[in-house]
Amino acid sequence: MDAITLINSWHDFYLGLAAAAATLVGLLFIAVSLNIDVISDKSNHLRVLASGTLTSFVFLLIYAFLFLIPGQGTSIGISLIITAAVGLLNILRQAQTTVRNPAYKSTANQGSAYIARQLFWRFIITSIGYASVVVIGILALIGYLDALYWLVGIFITLLITALITAWELLLAVGRDKREGNATRL
């Protein structure tokens, strides 16, 4: 099977991925706008978490759009490499910003297991996902098209990590609002 036929055969999968990612971006916008008072503070770790969650969904949307472009062959590898490299640099920048943020460090009272879980899902798994997409992009460029099948698992994993991060964001916003309201009483 040639590259164009292979990529076109996954049209429905990538259409579904685009729909899911776009829907989740919209829901995230609604959740953030309803809680903008809690998230808007620049020193707040929730702003970084919201930004990172949004970025994860947007990258999935971009990946889906790349595969929905008709007539692409092995050149999809170039798009995958560039997009994944940007995603990897972005997630590393977010990790650095998060770890240095004093507000994030103050969440240590929730225990090291909480912080370890956050670091694992938000940064380690996501970084491995982006790095894997770079490798698959290279393999696609050299003509090893079977590697494109591996993207399904990677994109589903990236979607799950973004969902976990979105859930953690909602829980953290609720916790911050509850603590903020308790101190105001």
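The values are calculated or read from the model by the stated rules, or taken from the named source; none is laboratory data. All of these numbers come straight from a predicted model, not from anything done at the bench. With ideal geometry, Cβ positions are generated from the backbone for all residues, glycine too; neighbour counts draw on all protein chains shown. The area values use the complete protein model at the heavy-atom level, side chains included, leaving out ligands, DNA and RNA. Shrake-Rupley method; radii C 1.70, N 1.55, O 1.52, S 1.80 Å.
Farthest toward the positive end of the dipole of the chain, out of Ala131, Ser79, Gln96, is the Cα of Gln96, where the dipole comes from beta carbon charges about the Cα centre.
Write down the accessible area per residue of the chain in Å², having rolled a 1.4 Å probe over the full set of protein chains.
Details: 9420 Å² over 185 residues.
Accessible surface, normalised per residue, equals 51 Å².
Taking a temperature of 25 °C and a viscosity of 0.890 mPa s, what whole-number D in µm²/s does Stokes-Einstein yield for the chain with Rh from Kirkwood over alpha carbon pairs? Translational diffusion coefficient: 140 µm²/s. Working from Cα pairs under 8 Å separated by at least six residues, relative contact order for the chain is 29 percent. In the chain, the portion of solvent-accessible area held by carbon and sulfur atoms comes to 70 percent [1.4 Å probe, whole percent, DNA, RNA and ligands not counted].
Computed over the Cα atoms, what is the radius of gyration of segment 1-96 divided by 2.2 N^0.38 Å, N being its residue count? Please report the intermediate quantities before stating the final value.
Details: Rg = 16.3 Å, N = 96, 2.2 N^0.38 = 12.5 Å.
Relative to the rule-of-thumb radius for its length, segment 1-96 sits at 1.30.
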